[in-house]
Amino acid sequence: MKKLIILIISIIFITGCDFIKMDDFDGIDIYTTAYPIEYITTRLYGDYSNIYSIYPDGINIKEYTITNKKTNEFSKAHLFIYNGLSSEKQIAASLINKNKKLNIIDVSRGLEIKNEDAELWISPSNCLMIAQNIKNGLKEYINNTSILEDIDNNYEELKIDISEFDAELKLIAENAGNKTLIVANKAFNFLSKYGFEIINVNDEDSSSTAFARAKKAFSNKENQYLFIISDTDENNENIQTLINNGAKITRINKMDNISDEDRKNDNDYMTFMKDFIEAIKGEVY
């Protein structure tokens, strides 16, 4: 009997106590949706869980159809984190229909989409709200004080990172020689709160005042770049007209998904946001 006890203790030490859980939510499987949700969840809780996205890397998430087989697979997870302002709320409902015990977190609490869904990911303030919602959601399910403390610490670190983007955008606008940004997607409209003047040619008639201003700005070389979201069709007639008048296209990552190449190269949400801000600097300085 004594030898058996010693053997059990030895096995515990050899395996590093991997099977001893600190909390019911320790070591769980989590499925997320859009890439920023996956990224934030990993920053907050990656040490205590296995985190996956329901979307394969590189696909257009709006065009992706989840099969019944995948629905069954995803429903077996412990937690599903999604954006309730999108069709993902239907995905959540279908998963709960398969597994009544599935825990969920809706990241959209307190948020609204004023223009385009991309603004949820490229706006630092929206991203910070999403991070807060995920943090609060996790804390509703977890009881272990040590894990809760880690979540809070991880959130504070992430908050600093995201807040730096917010502060940098304000500083760029304050010091810009030209505060005007010409864009072809309403998701960029949030930049006006930092002090930028946004000329949005998205869906504008070619005879509109906004389009005429944009055309003149490019012709006179007051502006160089037309900002578009990564999935925008450059063959749009208005965009082609502006290109013919001197506009250069700056394609901003929509960030709702990540490519295989970016993941292999260790590019992440922070990388994409830094690239976005550098693109703005290149226009206004």
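No lab work stands behind these numbers, since they all come straight from the coordinates. These numbers come from a predicted model, not from an experiment. Quick reminder, even Gly has a Cβ in these numbers, built from the backbone with ideal geometry, and neighbours come from all protein chains shown.
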Could you pull out every one of the lysines with an alpha carbon less than 26 Å from that of residue 264, ignoring same-chain neighbours closer than 8 positions?
62, 70, 159, 254, 274
Ranked list, fewest to most other Cβ atoms within 10 Å of each Cβ, for 130, 229:
229, 130
Given the C-alpha centroids of segment 19-40 and segment 42-83, what is the distance between them in whole angstrom?
11 Å
Give, in nm to one decimal, the length gained when the segment between residue 277 and residue 72 is fully stretched (0.36 nm per residue of separation minus the Cα-Cα distance).
69.8 nm
Given charges of +1 on the Cβ of Lys and Arg and -1 on the Cβ of Asp and Glu, with all other atoms neutral, how large is the dipole of segment 33-149 about its Cα centre, in debye to the nearest 20?
500 debye
Relative contact order of the chain, please, whole-number percent, based on alpha carbon pairs below 8 angstrom and at least 6 residues apart.
18 percent
Report the label-to-label distance for residue 207 and residue 64 in nanometres (one decimal), using points 7 Å from each Cα along the Cα→Cβ vector.
4.4 nm
Between 47, 233, 268, where does the largest GNM mean-square fluctuation fall for the chain, given springs only between Cα atoms within less than 10 Å?
233
Rounded to whole angstroms and listed largest first, the alpha-carbon spread of the chain along its three principal axes comes to 89, 42, 34
Note, ³J(HN,Hα) from phi for segment 242-254, Karplus 6.51, -1.76, 1.60, rounded to Hz, x at Gly and Pro
5, 4, 5, 9, x, 6, 9, 7, 10, 8, 9, 4, 5
If I take every Cα pair under 8 Å that is 6 or more residues apart in segment 22-168, average their sequence separation and divide by the length, what percent do I get for the relative contact order?
25 percent
For 284, 107, what's the fewest-to-most ordering of other Cβ within 10 Å of each Cβ?
284, 107
With a cut-off of 8 Å between alpha carbons and a minimum separation of six or more residues, what is the relative contact order of segment 88-202 in percent?
23 percent
Could you compute the net charge surrounding residue 207? Neighbours are other residues with a C-beta less than 14 Å from the C-beta of residue 207; K and R count +1, D and E count -1.
-1
Where does the charge balance sit around residue 188 when Lys and Arg score +1, Asp and Glu -1, over other residues with C-beta under 11 Å from its C-beta?
-1
On the formula 1/(1 + (r/R0)^6), with r taken between the Cβ atoms of residue 47 and residue 143 and R0 of 22 Å, the FRET efficiency rounded to 0.05 is 0.85
Given the options 105, 40, 243, which has the most mean-square fluctuation in a GNM of the chain, springs set between C-alpha atoms less than 10 angstrom apart?
243
Need one number: nm distance between label points at residue 236 and residue 193, each 7 Å from Cα along Cα→Cβ, rounded to one decimal.
2.3 nm
Partners for residue 193 among aspartates and glutamates (Cα-Cα distance below 12 Å; same-chain residues under 8 apart left out)
166, 174
With a ≥ b ≥ c from the Cα gyration tensor eigenvalues, square-rooted, and the rule rounded for a/c under 1.5, otherwise prolate when a/b > b/c and oblate otherwise, segment 176-252 is rounded
In sequence order, calculated HN-Hα J values of segment 224-235 (Karplus, 6.51, -1.76, 1.60; Hz; x Gly/Pro)
10, 10, 9, 7, 10, 7, 4, 9, 6, 7, 5, 7
